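The structure appears below as structure tokens.
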Amino acid sequence: MNNRPMQALRRVAGIVPLPGRVPLALRSLTADRARLLRSVSGIAFAVLLMLFQFGAQKAFIDSSLEVVRALDADLVLMNPQKNRFGTKAPFPREQLVQAAAVDGVQSAHPLYAEWSRSMWKNPDTGLWFKVQVLAFDPDKPVLRIPEVEAARHALRTPDTVLVDSRGRRFLGFPGAGGGSELSLRRVRVIGTFPLGPDFLIDGTVIMSDRTFLNTFLPSGGVTAAGSRPSKVEFGLIKLAADADLETVRARLRAALPNTVNILTKGELEAIEQAYQSRMAPVGPVFNIGVVIGFLVGMLIAYQILYADLSDQLGQYATLKAMGYSNGFLVRTVVEQSLAYGVVGYVPAWILANALFWVVAWVTLLPLGISLHLTLLTLALTLLMCGVSGLIAVRRILRTDPAEVF
Amino acid sequence: MSSSAASAPWAVRVDNVNHHFGDGETRTQVLFDNTLHVEAGKLVIMTGPSGSGKSTLLTLIGALRTVQEGELTLLGRSLHGLGPKDLMMVRRGIGFIFQMHNLFDALSAYENVRMAMELVGTPPGEMRKRGTEILERLGLGQRMDYKPKALSGGQRQRVAVARALVNRPKLILADEPTAALDKDSSHIVMGLLRELADEGSTILMVTHDNRILDAADRIVSMVDGRISSDVDLRESLVICEFLHSIEMFRHLTGAEVTFVAERMRQRRCAAGQPIVRVGEEGKEFFLIRSGRVSVDLSDKGLPPVALGQGDFFGERALITGDHRAATVTAEEDCLLYVLDEAAFQAAIQKSPKFHDQLLQIYFQRQ
């Protein structure tokens, strides 16, 4: 078998020394344990900074996507003025009725929501807090949350609600059988569901459309029949089994005025993500944090490598004098840099996981390190160390081998 | 005493090399018109005070610097005009022993030596064998897996020597290779270098270690950027012995004999070639290193006199100021050592009785 391509790959990758070669980079890395510990701590700190920024950013976005992901729909209708899920901008119910009549649409269910007037009273402390309220017709399910699905028929009873079991503790959400007040209206908790807070919402309450009507629209905003709100926040469209999504969307576009947006769930998620990462005040802070983490890491890695190389300047100059090429020296230093990256990454990853576990427990945010995040931060770490190595190696490339004589 | 044969197999040939440091107004010349030819298999010691230019000359010979002016040829390859990459390739064939041995602290003694073997593509199976062999030879068989920090200064220096010599290079450049070594270690290292020289490697060594001078074939001294003397040590010893056996030089001290020997120049003469002719003005004194010559005394009705190794001629005309009294012809290819008139007269002045002694000798030969 021809091993040359593999050998060439290893040489290019610079991570694994060729068989039969003195592993100079690896030996240099481990020669001085105290120095190794110092160096790895520095790099691990930078990696931890990046991991935490990325992890927090992901949690920030993921937490706001939980509710979108829970929607049971193929297409979502909403007011184009909405720049995110949690912005109040309803559209007329008639348009949802029109949508239901379009060929290929199996069902078109309304979802009502309230974010600004929905004040929850902690039954233990008596303090009032803003919560997210979602409401739907119990006969027309719209959420893919098993606990909600199981309790939806019980919600027909007026003034009954489900509360978020992962809501923030200060809300004092009671379990089934408990009670409190929502926007000055007495409600009874008949069950819980796990959704969790995000950076803007501390907890969610789910109720029937009738309870919603009684709580938030007691004197108006109802249909002619008076039993339903006249405006809906979202229209959740489910397609017939054999219907093509784009075809139905085109039909809906033709049937509805352009005051309604027709989105897939993926598009709605993208809008939410874009808002959180670009428009929300905290979003760009995370991006800056990642960049700072990367730059700090690069600076730390560069200083570590520069100090290492300065200590070994004579040795490297000797290698040059002996006839080793600049390419070999660059490869060796980059190998050492990448090895620093890998060695620094492992403890940082473990520490970040531990840290996230604690922070998630305190904040109830979905903090964690996914495989994608692991690979992304590892790649950034290797890039950070590799670039630092390339900058630092100039120190030995400038060395005059004649000076060692 | 300098060698001047034209067709010798030179391993190192330095011709009229000048070198400058700095640019513009700070440009300073550090080497001045240096010429040095070293045959393959010679061990040459370079001496001179600090700043005399010996290290600079060695770095030029070692392809560590670019030749600015003059011609420098290593093992038949001219270094003139070579770029950094070509110089790097040249360096791979040279064994360097640095005073600051600069071993990699992270690598064991064996791995440091192995770095040199990897450079020239030694097969992996060979490396352990050769590395072990040379480290054992240098008394480090039990220290092969030790890191430099666990070795003494002398042991580290020996590892550096092993690294330089393991490939048995054709050219070895050494800077104070025995400075950190005790007498026994120094003896081992010099023995190894001598062995390599005997196998055909050429060794140029900067040293101030008097203990190893006797291992040298030549001693080149530099002062102020110039080669001030270039002595073929073995040849010089032979010539001194020849000179000392001559009656007229017998009373000179060792230093005075050396003074005379250092001023003698080699000259080769082919068989049948006249060396001096009767009636010529006498300008040189001749000592026969090898071969035979015939002194024609036919005008005096005498048979020719044959002279061989260790014999001399030509002194009479220098002493008396007369013209040559006989023609001398090479009977076979000869190597002669020649002392010019000025140096001969200087040698005479070293001893007040010298002139009389020589006259007496001259008359004894009549």
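Nothing in this text is a laboratory measurement; each read-out follows from the coordinates by a stated rule. Quick caveat, the model's predicted, so the values are computed rather than measured. Cβ: placed from backbone, ideal geometry, glycine included. Neighbour counts: every protein chain shown.
Data for the structure
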read-out: From phi via Karplus (6.51, -1.76, 1.60), per-residue ³J(HN,Hα) for the range A:61-73 in Hz, x at Gly/Pro; value: 6, 4, 4, 7, 8, 3, 5, 5, 5, 7, 5, 9, 7
read-out: Per-residue [θ]222 nm for chain A (sum of -39500 (n - 2.57) over DSSP H runs n ≥ 4, rounded to 500); value: -16000 deg cm²/dmol
read-out: Simple label model, 7 Å out from Cα along Cβ direction - A:Asp32 to B:Ala306, nm; value: 7.5
read-out: Cβ-defined net charge surrounding B:Val44, 15 Å radius [Lys, Arg +1; Asp, Glu -1]; value: -3
read-out: FRET efficiency, 1/(1 + (r/R0)^6) with R0 35 Å, evaluated for B:Val120 and B:Tyr146 via beta carbons; value: 0.90
read-out: Virtual spin-label span in nm between B:Asp105 and A:Ser116, 7 Å along Cα→Cβ; value: 6.7
read-out: Interchain or long-range residues, amide H under 5 Å from B:Asp333's placed H; value: B:Ala271
read-out: Orientation-averaged projected area, Cα convex hull of the protein assembly as shown (nm²); value: 52.9
read-out: Rg/Rh for chain B, where both radii come from Cα atoms and Rh is the Kirkwood radius; value: 1.07
read-out: 5 angstrom amide H check on A:Gly178, placed H, neighbours 5+ away; value: A:Val189
read-out: Within straight-line cross-link reach of A:Lys231, lysines at Cα separation under 20 Å, skipping those fewer than 8 residues along the same chain; value: A:Lys82, A:Lys88, A:Lys140
read-out: Distance (nanometres) between label positions extended 7 Å along Cα→Cβ at A:Asp244 and B:Glu280; value: 11.3
read-out: Calculated Rg and Dmax of the range A:325-367 using C-alpha coordinates, Å; value: 17.4, 55
read-out: Pairs of alpha carbons in the range A:161-312 whose separation is greater than 21 Å (percent); value: 70
read-out: Under Karplus coefficients 6.51, -1.76 and 1.60, residue-wise ³J(HN,Hα) of the range B:226-236 in Hz, glycine/proline x; value: 10, 6, 8, 8, 9, 10, 7, 4, 5, 5, 5
read-out: For the protein assembly as shown, share of DSSP beta bridges that run antiparallel, in % to the nearest 5; value: 75
read-out: Qualifying GluC sites (Glu not before Pro) for the range B:1-99 [loop in DSSP, other Cβ within 10 Å: at most 15]; value: none
read-out: Shape of the range B:125-217, Cα gyration tensor, a/c cut at 1.5; value: oblate
read-out: Prolate/oblate/rounded call for the range A:12-137, Cα gyration tensor, a/c under 1.5 rounded; value: oblate
read-out: Too-long pairs where the Cα-Cα distance tops 29 Å, listed order kept, from A:Lys130/A:Lys238; B:Lys42/B:Lys149; B:Lys85/B:Lys129; A:Lys121/A:Lys238; B:Lys129/B:Lys170; value: A:Lys130/A:Lys238; B:Lys42/B:Lys149; B:Lys85/B:Lys129; A:Lys121/A:Lys238
read-out: Sequence-distant residues sharing a close amide H with A:Val205 (under 5 Å, placed H); value: A:Gln132, A:Val133, A:Leu134
read-out: Estimated vicinal HN-Hα couplings, Hz - the range B:48-57 in sequence order (Karplus 6.51, -1.76, 1.60; Gly, Pro = x); value: x, x, 4, x, 7, x, 5, 5, 4, 4
read-out: Alpha-carbon Rg/Rh ratio, for chain A, with Rh computed the Kirkwood way; value: 1.17
read-out: Gap separating the Cα centres of the range B:105-171 and the range A:366-392, nearest whole Å; value: 38
read-out: Proximal charge balance of A:Trp128 [Cβ under 15 Å; K/R count +1, D/E count -1]; value: +2
read-out: Total formal charge among the other residues, if their Cβ is under 14 angstrom from that of A:Phe216, Lys/Arg +1 and Asp/Glu -1; value: +2
